[in-house]
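Comments concern the structure below.
Nothing in this text is a laboratory measurement; each read-out follows from the coordinates by a stated rule. Just so it is clear, the model here is predicted, and its values are computed rather than measured. Counting neighbours? That spans all protein chains shown, and the Cβs are built from the backbone with ideal geometry, glycine included.
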Amino acid sequence: MKTRYAGRIGGQYLSAILLVIALAVLAACFAQFRTVENLGNLLVQATPLLVVALGQTLVILTGGLDLSVGVMISLATGLIANTESPVLGVAMVLMAAVSLGLINGVGVARFRVHPIIMTLSSATVLQGIVLIILPTPGGAVAPGLVTAVNGSMGPMPLAVLWIVAAVLGGWFLLHRTRLGLHLYAVGGAPDNAALAGVNVSWTIVRGYVLCALFAAVAGIFLAGRISSGDPWVGTSYGLDSIAAVALGGTQLTGGIGGVWGTLCGTLLLGLVGNGMNLVQINPFLLSVVNGALLLVAVCLRRRQQLGL
Amino acid sequence: MQTLIAARNISKRYDGVPSLTHVGIEGKAGSIHAVTGENGAGKSTLMKIIAGVVKPSEGELFLNGKAVTFRSPLDALNAGISTVFQEFSLVPNLTVAETMFLGRELRRGPQLDRAAMNAAAEKALAQVGLAIDPRRSVGSLTVAEQQSVEIAKGLTVDAQIFIFDEPTAALNTQEVARLEILLKALRDRGKCIFYISHRMREIFELCDTATVLKDGKLVGSYPTRELNADRLLSLMVGRDLAQLYPPKADSLGETVLEVAQLQVDKQAAPLAFNLRRGEIVALAGLEGQGQREIVRTLAGIQPQGKAQIAIRDLQGRMSRFSAGGGSARSLQHGMAFMPEDRKAEGLYLDLPIHANLTLGIHQRRRPWALARRCSQVVAGLVKDLSIRTSSTSLAVISLSGGNQQKVMLGRWLAVGAKVLLIEEPTRGVDVGAKTEIYNALRAFCAQGGAVLFTSRELPEVIGVADRVLVIKDHTVVAERSAGAITEEDILQAAVGNHAGGGHRS
């Protein structure tokens, strides 16, 4: 009996196919969908989830999970909105992210705390800190940031630049650098990676730090988008980012998946939301559809991997 | 021959328990050097020290005459020591080239230089005669291909010393032949090869030197041409081979088990045989001829199997039933089954030894009965079977293979099984524990039991069984009694070009 792997690209193509189908259906059925304005909106809305999901991909590839990204986003909006100087604000956000990532990573890699427990604990602690800094939504965001997020160059929203930068950054990291290769190796076979000389713990720690940094960037973007701080704004991104990564074909056991799948997964979630908005279905049904979509997409993939 | 690597006075203790004591070994250029000994003799530990995986508690390594210390396997690899671990150390989701260069990737600035790695990998793969695309995923390779990749990995650093930990365990015959050609080629290029194995054929055909370890101590290093298999085995065991097998039964009692109309599936010809009190019977034959299915039919777990069984209890009453009603029915009638894969099918690895031993007893009780420890039963079994452990509260997984098998055996002795059905009684069991298991089986027979077992090892079949049934195509093609059996005889019958064949039913 031979174990067969579809390579570490895994089932990413499936989410690409689903994405194309969703695009085609929406474009064929709704004239409003085809407008530049709608597509621009779609991208702007999808940006924060995409950025945080890219970070989540790095951690999930090592076989981990980061539930604290949502609170990291909230913290970022709070810090940005409550700091006079935008430079200082961004610096504080990045420093907070590095600290959070270090704590999560060291807890998981060094002290062998289960990723769910580790990141759930740090998220819970951090949520308290966020509420102390910013009990209610408010504060002010530097106009420059608001423009960088909501502005547009001709017909193209500036958010596209954020998307391109985040995707290219994630792709370069995962597929062109040593760290990326090590993240895959650690997710695939940690003991063998260690035998080959990979520093497994340090690789995992760096994964969590990068994940928190991606979440921080998502938080900065969201702060610009809502022009204020909000202690709860990030909450849903914790689980949504995991859903987007899974929908994109990255295996939660680690080692298989990648950036393109996450891009497709996130856009797919965005499209479904956008489509349901267009047909004016009860918005609460969106959650029902997303849940079902995730389950079906992941199950389809699993069957293919087993060769059934 | 020039000495490439020397380990001197190596000791290793795990939590104070010595695993190696003052062991030395020398590897010479152009030599294949067998490292052998029983399971747990310390061969793997010694090799892991040379490979930089384990740090020695004491002792020194000399590479080309210079003292070295390795902080990691990568360190050792860069120094020219390449190891092919028993469980391979490749990463399945990477490409062949990536896994070969993992930990010492070629780079151009911050980027990985994939082109250079692929080219270097392809060159090394060609040297081991493997024409695969270095961009292929490691997980899609066969075991033999993965092994070749590991060897090629050593070639990319121009390793002088190769360590192979039981490399043929997972290979088929052709793959073994290919590996041997490769090993000889490496030897002829002046490499030093350490070869962990306890397969006599390989040691004598392939290796020029054999170092024997026993209980973490060095027995000695010998040129293989000065040894023969018997001598080597007795060095490994530390006593004469004649003592490996207990004496056979001198008298047999009445028939204890009558099997009739046994079919392992609907197409198979029915077969019949008897077992007598005190008798150990082996099912021998080529692989996959139905030995396993016959035993499993009797145990009641062969899905398609059917058989009419009559079994006699100690009072002499025969009770009749038909197999196929699940393992519980066979067990209820006193037929206990010990599967080959005891870790997956036999034992509860994470449960303590006493729980595994008393499981059979508890199975016979009501579901809501309190599960008492039955300390006396457990203590008795541990003593009778000489199960070596500091406490019966330890998980079974902490035991060696031989002691695990004794726990399996003890579970059924505790419930008074009358017939033991055993697949490969000593698979993964070292030589010393083998004798103890054979003795335990003999003791069981002396008390009126009978044993039916399958085995791939013909020496074991001949050494242990009072009677051998040779199986071919799910049926008995020959029957031989103790004393009159040779390996050739069994093989002749098994391949089917044997004239006679006293098939008694």
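Would you tell me the mean number of C-beta atoms belonging to other protein chains that fall within 10 Å of each C-beta in B:93-100, as a whole number?
5
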Obtain the nm distance between the two label points defined at B:Asn9 and A:Ser99 by a simple spin-label model: each point lies 7 Å from its Cα along the Cα-to-C-beta direction.
5.2
Considering the zone a paramagnetic label at B:Lys28 would reach in this model (a point 7 Å from Cα along the Cα-to-Cβ line), which residues of the stretch B:171-202 have amide N under 20 Å from it?
B:183-197
Considering amide H positions built from the backbone, and no H for Pro or chain starts, which residues 5 or more places from B:Arg107, or on another chain, come under 5 Å of its amide H?
B:Asp113
Tilt relative to chain B, helix B:114-127 - C-alpha long axis, 0 to 90 degrees, to 10:
60
Could you list B:Leu130, A:Leu173, A:Leu181 so that the one with the fewest beta carbons within 10 Å of its beta carbon is first and the one with the most is last?
A:Leu173, B:Leu130, A:Leu181
GNM of chain A, Cα pairs under 10 angstrom: of A:Pro115, A:Pro135, A:Pro283, the biggest fluctuation goes to A:Pro283
Given only helices, namely DSSP H runs of n ≥ 4 each adding -39500 (n - 2.57), what is the per-residue ellipticity at 222 nm of chain A, to the nearest 500 deg cm²/dmol?
-24000 deg cm²/dmol
For chain B, with the dipole built from +1 on Lys and Arg beta-carbon atoms and -1 on Asp and Glu ones, taken about the Cα centre, which of B:Ala177, B:Thr211, B:Trp368 lies farthest toward the positive end?
B:Trp368
Mean separation of Cα contacts under 8 Å, 6 or more apart, over the residue count of chain B: relative contact order %
14
What FRET efficiency comes out for B:Glu87 versus B:Asn439 if R0 is 30 angstrom and r is the Cβ-Cβ distance? Round to the nearest 0.05.
0.40
Just how large is the dipole of the stretch B:6-130 about the Cα centre, in debye to the nearest 20, putting +1 at every Lys and Arg Cβ and -1 at every Asp and Glu Cβ?
260
Put in order of increasing Cβ neighbours within 10 Å, starting from the fewest, B:Cys374, A:Cys299, B:Cys192, B:Cys445 give A:Cys299, B:Cys374, B:Cys445, B:Cys192
What does the extension gain come out to for B:Ala371 and B:Gln447, with contour length at 0.36 nm per residue minus their alpha carbon separation?
24.6 nm
Taking each residue in A:184-192, count the Cβ atoms of any other chain within 10 Å of its Cβ, then average. What number comes out?
6
So for R0 = 30 Å, FRET eff. of B:Thr142-B:Ala229 from the Cβ-Cβ r, to 0.05, ends up at 0.45
Under a crude label model (7 Å from the Cα following the beta-carbon direction), how far is A:Ile226 from B:Ala170 in nanometres?
5.1
Given backbone amide H placed at 1.01 Å from N, residues whose amide H is under 5 Å from that of B:Val256, ignoring those fewer than 5 places away on the same chain, are B:Leu275, B:Arg276, B:Arg277
On full extension of the chain, what length is gained from B:Ser386 through B:Leu349, given 0.36 nm per residue of separation minus the C-alpha to C-alpha distance?
11.4 nm
Computed, not fitted: 222 nm per-residue ellipticity of chain B from DSSP H runs ≥ 4 (each -39500 (n - 2.57)), nearest 500, equal to -9500 deg cm²/dmol
Quick check on the exposure proxy: order B:Phe164, B:Phe444, A:Phe284 from fewest to most C-beta atoms within 10 angstrom.
A:Phe284, B:Phe444, B:Phe164
Placing +1 on each Lys and Arg Cβ and -1 on each Asp and Glu Cβ in the protein assembly as shown, then taking the dipole about the Cα centre, the residue among A:Ala185, A:Leu239, B:Gly416 whose Cα reaches farthest towards the positive end is B:Gly416
Please list, or write none, the lysines whose alpha carbon is within less than 28 Å of the alpha carbon of B:Lys55, excluding same-chain residues fewer than 8 places away.
B:Lys12, B:Lys28, B:Lys43, B:Lys66, B:Lys153, B:Lys191, B:Lys214, B:Lys217
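Treating the beta-carbon of each Lys and Arg as +1 and of each Asp and Glu as -1, no other charges, what is the dipole magnitude of the stretch B:263-399 about its Cα centre, to the nearest 20 debye?
The calculated dipole for the stretch B:263-399 is roughly 640 debye.
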Can you give the FRET efficiency to the nearest 0.05 for A:Asn282 and A:Val25, using r as the Cβ-Cβ distance and R₀ = 22 Å?
0.65
Cα-centred dipole magnitude for the stretch B:323-411, charges only on beta-carbon of K, R (+1) and D, E (-1), debye, nearest 20:
360
Name the residue farthest towards the positive end of the dipole of the stretch B:399-494 from the options B:Thr426, B:Cys445, B:Leu458, assuming +1 on Cβ of Lys and Arg, -1 on Cβ of Asp and Glu, about the Cα centre.
B:Cys445
Taking GluC sites (Glu not before Pro) as exposed when DSSP calls them loop (any state but H, G, I, E, B) and at most 14 other Cβ atoms lie within 10 Å, what is the longest stretch of chain B free of them, the sites themselves excluded?
B:288-505
Mind checking the angle between helix B:375-384 and chain B's longest principal axis? C-alpha axes, 0 to 90 degrees, to the nearest 10.
70
Listed residues A:Leu268, A:Leu168, A:Leu134, most fluctuating in chain A (Gaussian network, C-alpha, under 10 Å):
A:Leu168
Taking a ≥ b ≥ c as the square roots of the eigenvalues of the Cα gyration tensor, with a/c under 1.5 meaning rounded and otherwise prolate when a/b exceeds b/c and oblate if not, the stretch A:170-308 is oblate
Sequence-distant or interchain residues sharing an amide H contact under 5 Å with B:Val219, placed H: which?
B:Val212, B:Leu213, B:Lys214
So how tilted is helix B:143-156 from the main axis of chain B? Cα-based, degrees 0 to 90, rounded to 10.
20
Can you give the extra length, in nm with one decimal, that the chain gains between B:Lys55 and B:Met200 once fully stretched, where that is 0.36 nm per residue apart less the Cα-Cα distance?
49.2 nm
I'd like to verify something in chain A: which complete DSSP H helices, judged by Cα projection on the helix axis, reach 30 Å or more and average at least -0.5 on the Kyte-Doolittle scale?
A:36-61, A:200-226, A:285-306
